[in-house]
Amino acid sequence: MSYEQLDVSKALSHFSHPVAIISVRNGDEVNGMTAAWVAQTSIDPPIGYVSISPLRHTWDMMQKTEHFGVSVLGEGQERIAEIFGTKSGRDTNKFNTLGIDPYLGQEDVPLIPESVAAFVCRKMHTAEIGDHFAVFGEVIEAWKGPENKPLKWFRSKFDI
Ligand SMILES: Cc1cc2nc3c(=O)[nH]c(=O)nc-3n(C[C@H](O)[C@H](O)[C@H](O)COP(=O)(O)O)c2cc1C
């Protein structure tokens, strides 16, 4: 037996997650945040979800829109993940900070150029689960970016 017992609060960091930017638009304001808790929940129709803390500005903006973007980051896009995952749209325009001119998907949802793939989702259900909200969205538009390996988040760090 080669296990050692884990602190349960840290146990789930052993799931390997994708790293995505969840993006939203409210009128002229665009914002996005890094999210690792993102997954598919249905094939037909194609539905995914993202888990968002109510402390995030993205969460506030999500209340005022019917659509959101999911851009799956690739290896080499760590800085994008870092800035979108540490700064808040409350006081920083992260797209400007990084010099990113967003690609506009349906409904003018801002997407991250050169990501492995990017989707526009129509918000469906929201459920309060513990200290986060799971936001479910139907994928209504999808783009494939350059061939690149996806960036992964494992044991609280990038796994490359
Ligand atoms: C690798 C990484 C993964 C993250 N995953 C999530 C997540 O799944 N859900 C979440 O609410 N916050 C997550 N965060 C934290 C948010 O991205 C961070 O708090 C961000 O600054 C929020 O920005 P906002 O205030 O503009 O919405 C993650 C951060 C990093 C660096």
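Of note:
- Note: relative contact order over the chain, using C-alpha pairs below 8 Å and six or more positions apart, is 28 percent.
- Just the protein heavy atoms count here, and of the accessible area of the stretch 16-145 at 1.4 Å, carbon and sulfur take up 51 percent.
- Our Cα-only numbers for the stretch 85-133 put the radius of gyration and Dmax at 13.7, 35 Å.
- For the stretch 40-46, the Karplus equation 6.51 cos²θ - 1.76 cosθ + 1.60, evaluated at θ = phi - 60°, returns couplings of 8, 10, 7, 8, 9, x, x Hz by residue, with Gly and Pro reported as x.
- Put simply, the C-alpha atoms of the stretch 68-160 give a gyration tensor, and the ellipsoid matching it has half-axes of 20, 18, 16 Å, longest first.
- Lysine-lysine proximity count for the stretch 8-160, Cα under 28 Å, sequence distance 8 or more or distinct chains: 24
- Comparing Ser53, Ser42, Ser23 in a Gaussian network model of the chain, where Cα atoms under 10 Å apart are tied by springs, the biggest mean-square fluctuation is seen for Ser42.
- Three principal axis extents of the stretch 16-145 based on alpha-carbon atoms, in descending order, are 36, 32, 31 Å.
- Taking every protein chain into account, the accessible area of the chain amounts to 59 square angstrom per residue (probe 1.4 Å).
- Residue-count net charge about Cys121 - beta-carbon cut-off 11 Å; Lys, Arg +1, Asp, Glu -1: -2
- Distance from the C-alpha centroid of the stretch 106-144 to that of the stretch 20-87: 6 Å, rounded to the whole angstrom.
- Highest GNM mean-square fluctuation among Asp108, Asp131, Asp28, for the chain modelled with Cα contacts below 10 Å: Asp28.
- Estimated D of the stretch 30-97 in µm² per second, where Rh is the Kirkwood radius over Cα pairs and Stokes-Einstein applies at 25 °C, 0.890 mPa s: 187 µm²/s
- Inter-label distance, nm, simple model (7 Å from Cα along the C-beta direction), Lys157/Glu141: 3.9 nm
The values are calculated or read from the model by the stated rules, or taken from the named source; none is laboratory data. Quantities reported herein were computed from a predicted structural model and do not represent experimental measurements. Backbone-built Cβ (ideal geometry, glycine too); neighbour counts: all protein chains shown. Ligands, DNA and RNA are excluded from the accessible area calculation, which covers all protein heavy atoms including side chains. Shrake-Rupley method; radii C 1.70, N 1.55, O 1.52, S 1.80 Å.
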